[in-house]
Amino acid sequence: MKTIKLTVAQALVKFLDNQYIVFDGLETKFVEGIFTIFGHGIAIGLGQALDENPGGLKVFQGRNEQGMCHVATAFAKQLNRRKIIACSSSVGPGAANMVTAAATATVNNIPLLLLPADTYATRQPDPVLQQLEVADSLAVTTNDAFKPVCKYWDRITRPEQLMTALVSAMRVLTDPAETGAVCISIPQDTEGESYDYPDYFFQKRVHRITRPVAVEEELDDAAAVIAGAKHPLVIVGGGVKYSEAGEPLEKFCAEFGIPFGETQAGKSACKSSHPMCLGGIGVTGTLAANNIAEKADVVIAVGTRLGDFATSSKTAFQNAAVKFVTINNNRYHAYKMDAVKAVGDAKVTIEALAAKLRKQGYKSGYKNEIVDAKKAWAAEMEKLSTYAYGDTFEPLIKNRDPRTIKEFVELTNGVITQTAAIATVRECIEQDDIIITAGGSLPSCLQRMWTTDKRGGYHAEYGYSCMGYEIAAALGVKLADSVDTIGPGNEVYTFVGDASFQMMHSEIMTAMQERVKINILVFDNCGFGCINNLQMNHGVGSLATEFRYRDTKGGIAEQVPKGGLIPVDYAMVAKGYGLKTYTVRTIDELKAALLDAKKQTVSTLIDLKVIPKTMTDGYNSWWNVGVATTSAKPEVAEACKRVMEGRSKARQY
Ligand SMILES: Cc1ncc(C[n+]2csc(CCOP(=O)(O)OP(=O)(O)O)c2C)c(N)n1
Ligand SMILES: [Mg+2]
């Protein structure tokens, strides 16, 4: 047997450099590179290996471990999971910082390879700096925290273990039904240990991404249910995007006259301009999609987890006879809502199902309902797009303290409404540019209002809705855009709430380092806009969701910060990193900034002063949230009653 003597870390790098995937006949190198934030746990082990021979792998330097993992997640997501950037961290806090990002990737079914260092396998220096000492089991370390948020977890305490661990990691990372975060934890002493690895461990491996079609019996079951439908509806999930099934699904819907609504992950799998497209569906859906959903007799859920936002907490479908069909490559998701299941790849399963329905001469029974629903929504879009501040101004979010709005306008001089700002961005940027969203009220407005015919032009992380994803993701998307097929040269615009910006903008520095251009749109409304709405909607006061000073009354500090709003200059923050920045207070200023930002070669940030309470809401949707069932406040009791009424209309599981 031919062997190659390498350290564990050197073998890891060599192995990763030799992994490829083939999808629809196209071979792609799977690992683009490795993100690092070095510390004592990896600088000498993995760091040494990368320094001596990185092979074809790029080395990326992260700023915050969570941030760099979001970059890698967005990169893989934008490339429909064809390519990854592995993420390595030091031991302890560096590793723990990746846990949130691991969960984000797992919830969204995005491959993310994590390589956290671990405490000593020999235990000689215990406790090493940054070691979590667990007295009841010395086998437990910080890295055990990855177990519930990863699809595969392993710890390499002997060099030989690396071989089966990495083969297993690749199995999971390249499995369309099971992919997510994978954690390979390596103690820092093991990283440097040498071993005579068999040369076949480093052979070029090509992992085939297959398209299994649902079995004939399942296709027959699904076709039989759809054949009986007069008013069917398709829900387009993220699986449609990853399977690159947008076009066949559009054809399916056109041929059989079936309208479709889009989840956050599914949006931009199909073209917004398609005559059957109703736009976003569910809690943050359009009136068109939600009204059609309410009456639908068969709901065909393709590649979706059927999360509460997509189903309005299972109240969206009020036809007493409604039936569900799921097309999903993952059995767990296919089983939801007691659906008739077709377990398989979205593209080939839709095509096979279409063949069956065609044979039966199936057509839906819609007359003018789809056109009428779209017309009504278009009129609403027009209203939202031209929504302006003035004398008779009414906030879109009703039942609110009007003082906040006045105070905000006086503080910032900003009179931009969120909905008009979104419409303006859509109008001013190129049709094929890519937008990103994740947390706060922006994903809601964007799911309703954004339109694009570019496949992959709408990049939302709303599985975990992780604040802090947005800016890191812009870098990931831009890196993806420059390596591959998606269409190099597109501008990337990330929509970020002021709170989300505050939570994490660390990877701005990484974007500068990589010399890629991202455009950041900060929507400054002085607080957690959507959560403020949520709490006030449920009879709670405005409590710690606006950015207010803690004042002192009679020498005593307030128990809750209730002072004036705190002004923040986000443009100034970004300027410090070298971005070209703009502060805009009117729609005209926003237009001018967008036009100028296009001409820049460096990254840009536009700080939009956006009037609170000007985001979208309603449209025949409902969301089940926990509510207080005992309270002295009548508003809370009233809210509780409404929640209970909603729950009584919801499907139970
Ligand atoms: C990491 C993380 N922490 C907490 C939350 C809960 N959360 C959801 S939206 C939100 C506030 C968002 O505020 P901002 O980013 O300013 O957006 P806005 O609602 O004002 O548009 C919070 C705290 C979250 N989604 N993610
Ligand atoms: Mg905000």
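Miscellaneous remarks
- Rounded, prolate or oblate (a/c below 1.5 giving rounded, otherwise prolate when a/b exceeds b/c) for the chain by Cα gyration tensor: oblate
- Centre separation in Å (Cα based) which lies between the range 212-263 and the range 595-611: 40 Å
- If R0 is 30 Å, the Cβ-Cβ spacing of Gln61 and Ser273 corresponds to a FRET efficiency of close to 0.15.
- Over 18 Å between alpha carbons, listed pairs Lys314/Lys363; Lys517/Lys598; Lys83/Lys267: Lys314/Lys363; Lys83/Lys267
- Distant-in-sequence amide H partners of Gly280 (H built 1.01 Å from N, under 5 Å): Glu262, Thr286
- Straight-line cross-link reach from Lys271 at under 21 Å between alpha-carbon atoms covers these lysines, not counting any fewer than eight positions away in the same chain: Lys77, Lys241, Lys251, Lys347, Lys374, Lys375, Lys454.
- Alpha-carbon centroids, the range 626-653 and the range 345-363: separation in whole Å: 42 Å
- Label-to-label distance for Ala557 and Thr451 is 5.1 nm, based on points extended 7 Å past Cα in the beta-carbon direction.
- Placing unit charges on the Cβ atoms only, positive for Lys and Arg and negative for Asp and Glu, gives the chain a dipole magnitude near 1160 debye about its Cα centre.
- Beta bridges from DSSP with both residues in the chain: antiparallel share about 15 percent, rounded to the nearest 5.
- Taking the inverse of the mean 1/r over every pair of distinct Cα atoms in the range 569-653 gives a Kirkwood hydrodynamic radius of 17.1 Å.
- At an R0 of 35 angstrom, the distance between the Cβ atoms of Ala376 and Tyr653 translates into a FRET efficiency of 0.65.
- Over the range 243-299, Cα pairs under 8 Å with separation of 6+ residues give a relative contact order of 28 percent.
- Charge sum, other residues only, whose C-beta stays under 13 Å from Ser89's C-beta, Lys/Arg counted +1 and Asp/Glu -1: -2
- Between the C-alpha center of the range 508-526 and that of the range 285-335 there is a gap of 36 Å.
- Between Asp391 and Lys359, the contour length at 0.36 nm per residue exceeds the Cα-Cα span by 5.5 nm.
- Using 0.36 nm per residue and subtracting the Cα-Cα separation, the extra length available between Ser168 and Met572 on full extension is 140.8 nm.
- Cα gyration tensor shape of the range 369-513, rounded if a/c is under 1.5, else prolate or oblate by comparing a/b with b/c: oblate
- Cross-link reach list, aspartates and glutamates versus Lys151, counting only Cα pairs under 16 Å and skipping chain neighbours closer than eight places: Asp175, Glu178
- Proximal aspartates and glutamates to Lys336, defined as alpha-carbon separation beneath 15 angstrom and excluding residues fewer than eight positions away on the same chain: Asp308
- Taking 0.36 nm per residue of sequence separation and removing the Cα-Cα distance, the Lys591/Glu638 pair yields an extension gain of 12.6 nm.
- Prolate/oblate/rounded call for the range 1-80, Cα gyration tensor, a/c under 1.5 rounded: oblate
- As a rough guide to protection, the peptides 543-552, 168-177, 92-101 ranked by mean Cβ packing within 10 Å, highest first, stand as 92-101, 168-177, 543-552.
- Relative contact order computed over the chain (Cα-Cα under 8 Å; 6+ residues apart), in percent: 14 percent
- Net charge over other residues, Cβ less than 11 angstrom from the Cβ of Val496 (K, R count +1; D, E count -1): -4
Read-outs throughout are calculated quantities, based only on the coordinates presented, and are distinct from any laboratory measurement. The structure presented is a predicted model; accordingly, all values stated were derived computationally and were not measured. Heads up, the Cβs are rebuilt from the backbone with ideal geometry, glycines too, and the neighbour counts pull from every protein chain shown.
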